[in-house]
Each structure stands twice: as structure tokens, then as C-alpha cells.
Number of protein chains: 2
Amino acid sequence: MAPVKNGRHLFNEIPEGYPIPGKTTVYDESQTIDLDNAPLNGGFLVKVLVLSIDPYMRGKMRAANTKSYSPPFELGKPLENFGVGVVLRSESGDVKAGDHVYGVLPFEQYIVRPNLSGLKIIKNEEKLPWSYYVGAAGMPGQTAFFAWKEFAKAKKGETVYISTGAGPVGSIVAQIAKNEGLKVIASAGSDEKVQFMKEIGVDVPFNYKTSTVADVLAKEGPIDIYWDNVGGQTLQDAIEAANTHARFIECGMISDYNTTEKYAVKNLLNVIAKRLSINGFLVFDLLPKYGDEFYQTVPAMIARGEIKFLEDKKQGLDKVGEAIYEVQSGKNHGKSVIVVADN
Amino acid sequence: MAPVKNGRHLFNEIPEGYPIPGKTTVYDESQTIDLDNAPLNGGFLVKVLVLSIDPYMRGKMRAANTKSYSPPFELGKPLENFGVGVVLRSESGDVKAGDHVYGVLPFEQYIVRPNLSGLKIIKNEEKLPWSYYVGAAGMPGQTAFFAWKEFAKAKKGETVYISTGAGPVGSIVAQIAKNEGLKVIASAGSDEKVQFMKEIGVDVPFNYKTSTVADVLAKEGPIDIYWDNVGGQTLQDAIEAANTHARFIECGMISDYNTTEKYAVKNLLNVIAKRLSINGFLVFDLLPKYGDEFYQTVPAMIARGEIKFLEDKKQGLDKVGEAIYEVQSGKNHGKSVIVVADN
């Protein structure tokens, strides 16, 4: 067969504020690949099916010499993030054509891998859509599941506040918390998202653009757990509304990602007065501890409808820039996924 | 015997900034007591020997309707804090003349108590000075001992930074940390205090008025544990210099106690990036868990010279105002104690 285009989505420029589609990142079709004859050298060829767009990717769009927890994207190279692909050809004994693999993949249509390092073969006995393995059954679901287990110390009857409660992480946290008998307060940025939070059982869903966080928490709090996806003033409001011995789970601070002047939190004296515990974490650190339990329980719960989950899919690797912008600015509604190929 | 004066030190006025001796608090000698005939009604009469002056007392100098972890002082009533007294007369079966009691006492020379509630009889088999029971063998020592056990998760070879490392809490933390094989960085506000930190084994003692915290931590860090007695910009500098998975023990934020405009911390995004855990605590919460172990081990360690400890004593209940001001402004050198009576 003749070579086919191998589209890629490249990191093109370090953004100052929000990443701009076509400028910060660009779609490129200059490369081709011969699917039948590309040399595998004992490895295997993967066709990428779905790629995940997540808030934390913003932190990787930085100068190469700025240190952070996750390595920066390389200018001129494809972006990278969690995805699922199907194996087309294999010379490896560990994986065969037709297997599906999950892990951090470069943003291109076809890739050759020398071995399974960093990848996991997904059996998918529950027959979930493959995209779920970058969502509720993937990194966002793991984020919710792992950190709740590690830090929440939840007791029935307590109150939790979740910022971005309609998001792929927040919505799973909300359902875990409801399941454990907590009162769940959760915010999001549109009435459509508020409606979704109602549907998944959130007790006090609200639109932070029409109600202020401080007012809602003053009325519905105090809160025993704060699941933070936002940081900044929302974090400050949550500290103000915290009960003594409240646990803060610091998952994300999206309000700080796209600004040069970070919000300054003024009320940290409460950390002592209220004996707060504030816990930063990265999902990758907790994978060894809770990964097996997650894969044994969560995909089956999703299949049985016990965890509801919303996706915001875009078709085509050229749509990555738009999807990134929407996730950073809160315009997506559900887990943002790029469908690179249907099968 | 004729009635004698029963001097008291009263809370007189809510301060705006620093408490002012003779204004915020006043010494009063208008009351008398007949030591031989004052009715005990089944209780006992205590002569107060020593009273402790601690940073947290500032938080109690507030309007009665402002909630906080510790109840406010009452205007026109004696201040209260930890102290040791000797029983002069008793009608109670639980305590006899000559016993020494420890607990929160009102700032007056003589008090009648109906029972032992809130007090502990101190045997003092180690023959320590009674004042030590409000210092290294009292609340400050407990603060260091309990919270280190609860939160430090220290490993040999790690680095800890202690702000106010010459203070009654910080200096004990420094000695515990050295004992466990850590590199200890500690700051204080005078060269005299730096000298004391050297004497107790601090590896990198420095004067924060002549060296900046950020510079010293950049050179000597990163830090794995931060023992915070200061808050504000020092906390921000410690976050900047923190290693991944660093533990922050939030003991005090004295830089925020005497200001109306609290310092705003700008770099909390690092809580996630570095996976920090930030833990507020109050010593009283941890007393049930570690109290027995403390009294079984620490007074003996002090007696054997394994824990060194510095006191800043003032003679007389009329000196309370000066002592409070010095503690709030960092002018004391060692644990501030009011000696009310020598025996």
C-alpha cells in the first residue's frame, strides 16, 4: 500500500496567557508513513484512536529550562498526553495486532513503539467506549478515586465542596462522595453544567458566575472537605468556610494557569486556627498504591451505570488547539477527548 | 492573719496592633484575700508561682463575638494562661497542701479552685525548676514534641527549616531534628539568638534581619520539612524552597498576629506541583495521643541535659504587659515566664 499521511499536532510557541489554536499549537500533515512496510525492529505499530485533553497540559507549555513536576513539551514536536490506540502490526511477543494499548502517546495518527514500556494493554471486558479509558476509567477517574482514598477521611454526614463539579474529575468525586453519604456542594460555570450536576446527585449545585462561592458556602457550609480544581479566590473562600479539621485536596488551580500574576491568598492564618490539612498530589504518585483496585472496580461500576460520565468529543487531530482552549477557559462540557480515528 | 493583697493582671482594652503595656493590659491590686480563712467549700487554695507568656495569647485579645479556636479574654477580667501553683490549703481529697498543680490559671496571685478539673498534679521527680513546666516540659515542649511526631515523617539526611529557631518551641524542634539526623536550618532575629542556635547544634543558624530567608534557603535547601512559626513572606519563601513531598508544620504565624492587613501568599500553585502537605494543628488536640509519652520521656531528657532550654524570666505579676509586648515583637530571648512568687 502507498504511504498515507501521518498527521501530527505540534507544540509551536510558548503562550503568555491562554493557548491560542493555530499559534500555540499547529496541525501538521507533512509526514507520511507506509503502514505495511514501516520497519518495526522488533516493536509494533499503533494506530491512535483517542487522545485526552486535560487542564494540566497548560503547565507543560513552558520554556524548557523551567522546572516543574511534568516535563515541558518540546517546541516543534508533537504534544503528548494519555490516549488509546490499536495495534496494527507487531513483531513483539508481548503484544499482537488487534490489542488496545493505553498510556501517554504523542499527538500523531500512527506511531511505532519498540516495546510496551509506559503502556498498558486494555482488555475492556466491560465493552466501554475506548474514550472512557482516558476519562472516568482513565487518568481523571484515577485522580478522583486515588486522592479521595488518600486524603478525604470522609465521614457520613460531612459536607464536601467541589469546584468544577461538572468536570471529568469533579463529577466523579461528587458521585463517590454521594455514595459515601456526604452532602455535596459543587460549582461550575454554566446552567447546563449545573443541570448535569443535579442529574448526578449533587445536593447544592450552583453556577459560580451567577452566585458567589462565598455566599453559597456561608449558607450551606461549613465544609469538611474541599476538592480544589480552581485555586485562587475560590480556595480563599473555601478556607473561610472550612470547618475545624477540614481536609483540602489540591487537585488543580486552573484560575492560576493562564495568568502571570498569581492570586494571593490572604487568610492562611486559618490553617492553624482551624487545624486544616492541605494536600497537594499528583495522580501518578498514587498509581502504585491504588491502580490495581481502580481497574478492578471502576470500569465495572461505569458499565453498571453507577458512575455517570459526560464526554465532549471532537473529531480529528486538527481540533486539538480548540479543545485545549476550551478546557483552559472552561467552555468544554464533559471530558474533552479528541477522536483521532473511530477504530 | 490579716487579708493580703491579691494582685491581678487584667485585660483592659482590645489592641489594634501590638498590645501596649498598661493600656491593653493593666496590673490591679484592688483585691485582697484572707489566706487563712477564705472559704474553700470543699476545694483548695493555690498560690500561683509561675505564669507563661506565649505568642498565641494575642489571638485571645479580641472582641467577644469574634470566633476563634481559643476563647477570647474577657475585658476587665484577669488574663489566663498556663502556670504552676502550690496548694496552700485544701478541703479536697484529691489534692493536699504542698502539692504543685499545672494548668491554665488566671493571672492572679491566689486562687480558689473547687476541684482539679483542668489541672494536673506535677510530681517533678526530676527536680526541674517549676518554670520548666510551662516551657520545655510544658506546652511549648509539647507543641514541638507532639506535632513533630504527628506530621514530620522525618528521614535521616533530610533538611528542615525552622523559623524562630531560638524560641521555646523552635529550639526544641531543632534539637529533636538534630537527634534524628536531619540537617537543621533555623532563623531568629538577633545575633545573640543565632549564637544560642549554634550552641544547641543548628547546622545553619542565621539572623533573618541581616540575611534574607530566600537566599539562605536557595543555598542550603531544598527543604523537606518546614516548621512554621512566622507565616507570611517566610512561609512563601519556604514554599519556594520546598522539595517535592515536603511537609509543612503550621505552628504559628506571628507575622500576621499584629497586623490588620494579612500577608497574601502568592505561590500556592506549588502545593500541587511539589505535592506539599500543609498541616495546621493545635497542641491541645494532640494531648490525648501523645501526652503520657511526653511526660514519661521529656522531663527526664531535660534533667539529663539532652534538651537544652533558655528562659527569659520577669519577676512580678505587674511585668506581664512588657513580657507580652516582647514576645509579640520578638524581643524576648528564651521562653518568657512571669515569676509570680518564688515558692
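If you check A:TYR18 against the conditions, is it assigned to a loop (DSSP other than H, G, I, E, B), in contact with a helix residue (DSSP H, G or I) (Cβ under 7 Å, 6 or more places away or on another chain) and surrounded by fewer than 20 Cβ atoms within 10 Å (Cβ to Cβ)?
Here the answer is yes, as A:TYR18 does meet what is asked.
So that you can scan it fast, the table gives a plain yes or no per residue for (1) free of Cβ contacts under 8 Å to residues at least 40 places away in the same chain; (2) touching a helix residue (DSSP H, G or I) at 6+ places or on another chain (Cβ under 6 Å); (3) over 30 Å from B:GLY305 (Cα atoms):
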position	(1), (2), (3)
B:ILE33	no, no, yes
B:PHE44	no, no, yes
B:LEU51	no, no, no
B:ASP54	no, no, no
B:GLY59	no, no, yes
B:ALA63	no, no, yes
B:ASP94	yes, no, yes
B:GLN109	no, no, yes
B:ASN115	no, no, yes
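Only one of these conditions is not met by B:LYS314: (1) part of a helix (DSSP H, G or I); (2) at pLDDT 95 or above; (3) touching a helix residue (DSSP H, G or I) at 6+ places or on another chain (Cβ under 8 Å). Which number is it?
It is condition (1) that B:LYS314 fails.
When you check B:PRO205 against the structure, is it over 27 Å from A:LYS60 (Cα atoms) and out of contact with any His (no Cβ under 6 Å at 6 or more places or on another chain), yes or no? Please lay out each step first, then the result.
Details: over 27 Å from A:LYS60 (Cα atoms): yes; out of contact with any His (no Cβ under 6 Å at 6 or more places or on another chain): yes.
So B:PRO205 fits the description; yes.
Considering the range A:47-78 alone, what residues qualify as being of a type in the set (D, E, K, R), within 14 Å of chain B (Cβ to nearest Cβ) and assigned to a loop (DSSP other than H, G, I, E, B)? Can you show your working first?
First, pick out the residues of the range A:47-78 that are of a type in the set (D, E, K, R): A:47, A:54, A:58, A:60, A:62, A:67, A:74, A:77.
In the following step, the residues that additionally are within 14 Å of chain B (Cβ to nearest Cβ) were identified as A:54, A:58, A:60, A:62, A:67.
Scanning the range A:47-78 gives A:ASP54, A:ARG62, A:LYS67.
Every residue in the range A:214-231 that is among the polar types (S, T, N, Q) and farther than 21 Å from A:GLN328 by Cα, please. Reasoning before the result, please.
Step one: of the range A:214-231, the residues among the polar types (S, T, N, Q) are A:229.
Correct list: empty.
Report yes if B:PHE281 is within 30 Å of A:ASN243 (Cβ to Cβ), touching a Phe, Trp or Tyr at 6+ places or on another chain (Cβ under 6 Å) and surrounded by 15 or more Cβ atoms within 10 Å (Cβ to Cβ), otherwise no.
no
May I ask you to say which residue of A:VAL4, A:VAL50, A:VAL87 is over 22 Å from A:GLN142 (Cα atoms) and surrounded by 16 or more Cβ atoms within 10 Å (Cβ to Cβ)? Write out each step before concluding.
Working: A:VAL4 fails: surrounded by 16 or more Cβ atoms within 10 Å (Cβ to Cβ); A:VAL50 fails: over 22 Å from A:GLN142 (Cα atoms).
Exactly one of A:VAL4, A:VAL50, A:VAL87 is over 22 Å from A:GLN142 (Cα atoms) and surrounded by 16 or more Cβ atoms within 10 Å (Cβ to Cβ), namely A:VAL87.
Give B:VAL216, B:VAL169 a once-over and let me know the one that is of a type outside the set (Phe, Trp, Tyr) and in contact with a Pro (Cβ under 7 Å, 6 or more places away or on another chain).
Answer to the selection: B:VAL169.
Could you list all residues from the range A:27-43 that are in contact with an Asp or Glu (Cβ under 7 Å, 6 or more places away or on another chain) and part of a strand (DSSP E or B)?
Correct list: A:TYR27 only.
Within the range B:142-158, is even one residue touching a Pro at 6+ places or on another chain (Cβ under 9 Å), buried (at least 24 other Cβ atoms within 10 Å of the Cβ) and either of a type outside the set (D, E, K, R) or in contact (Cβ under 8 Å) with a residue 40 or more places away in the chain (or both)?
There is at least one residue in the range B:142-158 that is touching a Pro at 6+ places or on another chain (Cβ under 9 Å), buried (at least 24 other Cβ atoms within 10 Å of the Cβ) and either of a type outside the set (D, E, K, R) or in contact (Cβ under 8 Å) with a residue 40 or more places away in the chain (or both).
Could you list, in sequence order, all residues of the range A:236-283 that are within 7 Å of chain B (Cβ to nearest Cβ), closer than 18 Å to B:ASN270 by Cβ and not in a loop (DSSP other than H, G, I, E, B)?
A:GLU250, A:ASP256, A:VAL265, A:VAL271, A:SER277, A:ILE278, A:ASN279, A:GLY280
Which of (1) surrounded by fewer than 16 Cβ atoms within 10 Å (Cβ to Cβ); (2) modelled with pLDDT of 95 or more; (3) more than 26 Å from A:TYR27 (Cα to Cα) does A:PRO114 not meet, given it meets every other one?
(3)
Restricting to the range B:124-178, and then to whatever is assigned to a loop (DSSP other than H, G, I, E, B) and of a type in the set (Asp, Glu), can you tell me which residue is farthest from the chain's Cα centre (by Cα)?
Within the range B:124-178, the first condition is being assigned to a loop (DSSP other than H, G, I, E, B), and the residues that meet it are B:124-129, B:135-138, B:153-158, B:164-169.
Those left that are additionally of a type in the set (Asp, Glu): B:125-126, B:158.
Details: B:GLU125: 23, B:GLU126: 22, B:GLU158: 26 Å.
Restricting to residues being assigned to a loop (DSSP other than H, G, I, E, B) and of a type in the set (Asp, Glu), the top hit is B:GLU158.
Go through the residues of the range B:21-28 one by one and say whether even a single one is within 14 Å of another protein chain (Cβ to nearest Cβ), within 23 Å of B:GLY103 (Cβ to Cβ) and of a type in the set (Asp, Glu).
Within the range B:21-28, the first condition is being within 14 Å of another protein chain (Cβ to nearest Cβ), and the residues that meet it are none.
Within the range B:21-28, none of the residues are within 14 Å of another protein chain (Cβ to nearest Cβ), within 23 Å of B:GLY103 (Cβ to Cβ) and of a type in the set (Asp, Glu).
Going through the range A:202-248 one residue at a time, which ones are on the phi > 0 side of the Ramachandran plot and surrounded by fewer than 16 Cβ atoms within 10 Å (Cβ to Cβ)?
Result: A:HIS245, single match.
Assess whether B:LEU287 counts as being closer than 22 Å to B:GLY141 by Cα, surrounded by fewer than 24 Cβ atoms within 10 Å (Cβ to Cβ) and more than 12 Å from chain A (Cβ to nearest Cβ).
Yes.
Could you list, in sequence order, all residues of the range B:275-319 that are out of contact with any Lys or Arg (no Cβ under 8 Å at 6 or more places or on another chain) and under 30 Å from B:TYR27 (Cβ atoms)?
Of everything in the range B:275-319, those that are out of contact with any Lys or Arg (no Cβ under 8 Å at 6 or more places or on another chain) and under 30 Å from B:TYR27 (Cβ atoms) turn out to be B:VAL283, B:PHE284, B:LYS313, B:LYS314, B:GLN315, B:GLY316, B:ASP318, B:LYS319.
Which one of A:VAL48, A:VAL4 is modelled with pLDDT of 95 or more and more than 27 Å from the chain's Cα centre (by Cα)?
The unique qualifying residue is A:VAL4.
The values are calculated or read from the model by the stated rules, or taken from the named source; none is laboratory data. Because the structure is a prediction, the values reported are computed rather than measured. Using ideal geometry, Cβ is built from the backbone for each residue, glycine included, and neighbour counts are taken over all protein chains shown.
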